[in-house]
Amino acid sequence: MKYRLIYCIFGIFIVLYACNDNPYKQGKILYSNFCANCHGEKGEGLKNLIPPLLQSDYLEQHRDELPCLIHKGIKGEIEVNGKKYQQEMPAIPKLSFFEITNVLNYIQLNINQSDSKKIFTADEVEQGLKKCE
Amino acid sequence: MFKKNCFKKGLWFIGCCTISIMSCHNDSKPCRNQRGKLPILGNKDITNQGDTIYPTIRPFTFTNQQGEAVTNQTFQDKIYVIDFFFTSCPTICPKVTAQMLRVYEQFKDNSKVLLLSHTIDPKRDTPAYLRNYANKLGIMDAQKWHFVTGEKDSLYAIANDYFSIAKEDPNAPGGFDHSGRLILVDKARHVRSFCDGTKPDEVDCFMRDIENLLKEP
């Protein structure tokens, strides 16, 4: 009986280990609900219509503007990895600063694949959002 | 006794492993039409003479990204794939368009297959707008993939013939409600297959249906 329990616990660990490949659970859900339709599941973008988030220099260069960009959307031309894009991005005003932090970190670490030193803190995002009002 | 115990433990171990592997592994579903002739979709009528009449796509006239007229004649002796979208769509359109691009890539050298994307926002999506959109997707050849606009009512009405949905809805994101279906139409203007254009594995099956339909005389 004792062994059964041990094996079951072992099995559950295997399940958790195999499924849990990403610490940013909320970020992942938000990404697939709000971002992936246009930017793609892997952040690959869509031809010359929608810019990539995967290895995107824009994320690096416009880091401070990113919280506002999600909150308010963007209109007009931007340049990403040397290519110009004009497609309007809709605002997502219903996301809280906390959710924006999670989705930005998911994008930074899992989509953009930048190193973990560049994660956003909730404070940083909250400050960033104040600037766009 | 020892052997039996060991066997039992082994079974538990294998059981646990199987459950863990199965719980994470997403098996792709088998395709709807495995093999054989694709059905003609929709409700059929039977005339007094006993003939069966299948629903067909009504005659239409739209304008493509080059400002040229696109009618049923454009698709004579061709099979074609359609969808509905709008260029300012904030929701599923880019996802569906990415799948239409897959179909395009797969069949771009086959002159028997054409693509047709209808805007449901004709007010904004003029031929010039559509040309810009198509070019950004890398579609320079308007004869292969038509992006069309036209009378709003005709666009919404023809969505019914394709068993798709297109309508204005102020509550929907972007102001329009529409389905993300891709629909396959044969030479006789019958709908023969469809799929959810937001699901790449359904589109895999759909492309097999296109191959299948191409084999019909």
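Tabulated results
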item	result
Single condition A:ASP57 does not satisfy, out of (1) within 14 Å of chain B (Cβ to nearest Cβ); (2) loosely packed, with under 14 Cβ neighbours inside 10 Å	(1)
Subset tally (residues that are outside any helix (DSSP H, G or I) and either surrounded by 16 or more Cβ atoms within 10 Å (Cβ to Cβ) or aromatic (Phe, Trp, Tyr) (or both)) for segment A:60-90	7
Looking only at segment B:113-163, and only at residues there that are among the basic types (Lys, Arg) and part of a loop (DSSP other than H, G, I, E, B), the one that is nearest to the other protein chains (Cβ to nearest Cβ)	B:ARG124
B:LYS167 vs. criteria surrounded by fewer than 19 Cβ atoms within 10 Å (Cβ to Cβ), of a type in the set (Lys, Arg) and more than 19 Å from B:VAL70 (Cα to Cα)	yes
Among the residues listed as A:SER114, A:SER96, the single one being touching a helix residue (DSSP H, G or I) at 6+ places or on another chain (Cβ under 7 Å) and among the small types (Gly, Ala, Ser)	A:SER114
Flag if B:THR91 is under 19 Å from the mean Cα position of the chain (by Cα), part of a loop (DSSP other than H, G, I, E, B), closer than 17 Å to B:SER164 by Cβ and in contact (Cβ under 8 Å) with a residue 40 or more places away in the chain	yes
Residues of segment B:93-128 satisfying the condition of being surrounded by fewer than 22 Cβ atoms within 10 Å (Cβ to Cβ) and of a type in the set (S, T, N, Q)	B:GLN106, B:ASN110, B:SER111, B:THR126
Selection count where residues are of a type in the set (A, V, I, L, M) and facing chain B (nearest Cβ under 9 Å), scope segment A:25-54	4
Residue match in segment B:171-181 (condition: of a type in the set (S, T, N, Q) and either crowded, with 18+ Cβ neighbours inside 10 Å or away from every other protein chain (no Cβ under 14 Å) (or both))	yes
Criterion: under 28 Å from B:GLY138 (Cβ atoms), out of contact with any Pro (no Cβ under 7 Å at 6 or more places or on another chain) and without any contact (Cβ under 8 Å) to a residue 40 or more places away in the chain - qualifying residue of A:GLU79, A:GLU60	A:GLU79
Test: residue in segment B:100-110 that is part of a helix (DSSP H, G or I), free of Cβ contacts under 8 Å to residues at least 12 places away in the same chain, within 14 Å of chain A (Cβ to nearest Cβ) and out of contact with any Leu (no Cβ under 9 Å at 6 or more places or on another chain)	yes
The lone exception for A:GLY40 - which of (1) free of Cβ contacts under 8 Å to residues at least 24 places away in the same chain; (2) farther than 19 Å from B:LYS95 by Cβ; (3) of a type in the set (Gly, Ala, Ser) it fails	(2)
Odd one out for B:ARG131, checked against (1) within 29 Å of B:GLU216 (Cβ to Cβ); (2) buried (at least 16 other Cβ atoms within 10 Å of the Cβ); (3) not β-branched (Val, Ile, Thr)	(1)
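Values in this text are rule-based calculations from the coordinates and carry no lab data. In this text the structure is predicted, and so the values were computed from the model without any measurement. Backbone-built Cβ (ideal geometry, glycine too); neighbour counts: all protein chains shown.
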